[in-house]
Structure formats: C-alpha cells, structure tokens
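Structure first, commentary second.
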Amino acid sequence: MKVEILGCSGGMGAEQYTTCYRVNDHILLDAGTGLGKLTHDEQLKIKHIFITHSHMDHICFLPLLIDNLFEHLEEPLQVYALPEVLETLRVHIFNWEIWPDFSTLPNDKTPVVKFNAITPHKPLTIEDLTFTAFPVEHIVPTCGYHLVDQQGKSLAFTGDTTFGPEVLKELNKLGKLDVLMTECAFPNRLDELAKLAKHLTPSLLDKFIHALDKSPKQIWLSHLKPSQTEEIKGELAQLNLDTQVRLLESGELLAV
Ligand SMILES: [Zn+2]
Ligand SMILES: [Zn+2]
C-alpha cells in the first residue's frame, strides 16, 4: 500500500499541515489541513474517509471538501467514524449553522456524503485493503485503524493517543506490524500536559514501544507541536529503540 503524507503536524505554520494521509489514491485517514494540498481533480478521486476523532485538527477540512464535491459527485463520499464521533460532527458542525447537513443534500436518497458508523474490531474491506478500527486512549472518543493489504502488509494508525493499558492491549492483538504510525505531540517536560490531554511524549513513547509484545518493523511519528519540534526531535534521538523510527514530513509518499 502507498501512503502519502499530506499533513502530519500537531499545529499550523509555514509548510505545516495537520493530520491527513492519503492511502492508494481514493482513501483518506483524517481530514485536517493537509487535505487542502490536494488538487480539485485529486479531491474528486477521494471515495472514502476514515476519521479517528472529532478534534478540529483532524476534521477541519472535511466540511470544505464536501462543499467542493457537491456539484460533481455521482456517488456519495463515504465517511467512517465511531458513532460518538459522527454524533459530535452532526451536532456541532453539520448543524445548518456552522455548515449544512450535507448528508441530506441535495436529498436524502442521493446525498453528497454518507456518514457510516464503524464498530471496533469489525473489518471492512475497501478496494484491496481491510480496515479494522480499534480503541485508543485520547481525551474524546477516538479509534485507530489497522490496515492490511492483500500481500499481508500491515499498518496501524493510532490517531491521537497516550500510552495506557487499553491501547497496549489493542496493539498487542494486532501482532507483528510492518508500520506503527503514531504521534509524539509534546516534549518530556510537558509530561503532565501530555497525560491530561492524552498524548505522547518521547518518554511515554519509549515505554509504549518497549511494552509491546512484538516491535513493529518501523515506527512513523507525527503530530509534533510546531513550536516544540526541535526539542521533541532531540529527545527522540536519545531513545534506544531497536526499530526504525521515521519522523513524517508533509509531502512524502511512502510504501508499506
Ligand atoms: Zn485529538
Ligand atoms: Zn490531533
């Protein structure tokens, strides 16, 4: 599978875009500001979007994408998320005040977008990939996604999470991963804040990786806060992990 890093930053800034990954041309993981890098033609090719949670940095360009596609789509854009996340989007975003409820436009029978509630641990096959949601540990309802292709290559994307027994149990169930794509939002000195906001620091990441039954072949890291990026990178460089760690950068096209 190929994964294009459209946005992987924990905030905004010059050449910094928030969480959005394109998988094999037609699928997105999250819809942060990185989505704005796609051309109109590329936007038209997106058929499926998997959302991890309702935080702004992961959904902010979803309403704008739907509006862009409104005149052009023949089939509804399929959006997948936990039921709690869909409810939050409906109440707070697609409520006719912030943005129209496009799941009823132009009419209920042929809407421009369809919101699909996903059930954790229940696989969904799209094109050549199987997607299975799994719970993680963040401050609002959040799931990660486990992607497996027909060759058996696997990637787990945690979305935003801290380290705790639940997410550890979930990742251990997935077995040996080719790629673990996770976050490292804060430097170690903001450990308290990271635990409150349920994110990772280099030190928490270190504990997390060492606690896994099987080390992933590669770890891809994202969501570093722009103002603390250098500090976090310095701390990550000190870690002693027996697996390849890559700091994601917007614009990269990676193969799993
Ligand atoms: Zn979040
Ligand atoms: Zn986030």
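Bear in mind that the values in this text are calculations on the coordinates, not laboratory data. Here the structure is a predicted model, which is why all the values come from computation and not from measurement. FYI the Cβ positions are ideal-geometry reconstructions off the backbone, even for glycines, and counts take in every protein chain you see.
Neighbours of THR18 by Cβ distance under 9 Å: Lys/Arg scored +1, Asp/Glu scored -1, total -2. About the Cα centre, and with charges only on the beta carbon of Lys, Arg (+1) and Asp, Glu (-1), how big is the dipole of the chain? Nearest 20 debye, please. My answer is approximately 620 debye. Our summary gives region 1-138 a relative contact order of 16 percent, counting only alpha carbon pairs under 8 angstrom and 6 or more residues apart. Across region 81-203, the mean sequence separation of Cα contacts (distance under 8 Å, 6 or more residues apart), normalised by length, yields a relative contact order of 17 percent.
With the gyration tensor restricted to C-alpha atoms of region 114-205, the semi-axes of the equivalent ellipsoid amount to 26, 15, 10 Å, longest first.
Couplings 3J(HN,Hα) of region 10-24, computed from phi: x, x, 10, x, 4, 6, 10, 10, 8, 3, 6, 10, 9, 10, 6 Hz, in residue order, whole Hz [Karplus 6.51 cos²θ - 1.76 cosθ + 1.60, θ = phi - 60°; x for Gly and Pro].
Since only PRO120, GLY7, PRO100 are under comparison, the one whose Cα sits farthest along the positive direction of the charge dipole of the chain, derived from C-beta charges on Lys, Arg, Asp and Glu, is PRO120. Of interest is the spacing of the C-alpha centroids, which for region 82-109 and region 178-227 amounts to 32 Å.
Using the average count of surrounding beta-carbon atoms within 10 Å as a protection proxy, the listed peptides 32-41, 233-242 rank, highest first, as 32-41, 233-242. On the principal axes of its alpha carbon atoms, region 98-256 extends 55, 41, 32 Å, with the longest extent given first. Counting 0.36 nm for each residue step from GLU75 to ASP191 and taking away their Cα separation leaves a gain of 37.2 nm. Relative contact order of region 1-43: 33 percent, from C-alpha pairs under 8 Å at least 6 residues apart in sequence.
Ignoring lysines fewer than eight residues from LYS153 along the same chain, the ones with Cα atoms less than 19 angstrom from its Cα are LYS2, LYS122, LYS173, LYS176, LYS214, LYS217. Note on ALA14 and ALA237: their simple-model spin labels are 2.2 nm apart, each label 7 Å out from Cα toward Cβ.
For the peptides 7-13, 121-127, the ranking by mean Cβ contacts within 10 Å, running from highest to lowest, is 7-13, 121-127. Using only alpha carbons, region 32-177 has a radius of gyration to Kirkwood radius ratio (Rg to Rh) of 0.98.
Which parts of region 123-157 would a label at LYS173 reach, counting a residue when its backbone N lies under 15 Å from a point 7 Å out along Cα-to-Cβ? Answer for this model: 123-124, 131-137, 142-147, 156-157. Volume per residue for region 1-59 equals 75 cubic angstrom (convex hull of Cα atoms). Note on the chain: with a GNM built from Cα contacts shorter than 10 Å, the maximum mean-square fluctuation among PRO76, PRO106, PRO202 falls on PRO106. Take 66-72, 185-191 and order them by the average number of nearby Cβ atoms within 10 Å per residue, most first; the result is 185-191, 66-72.
Around the amide H of TYR80, modelled in the peptide plane, lie the amide H atoms of ILE49, PHE50, ILE51, ASN116, all under 5 Å away and 5 or more residues distant in sequence or on another chain.
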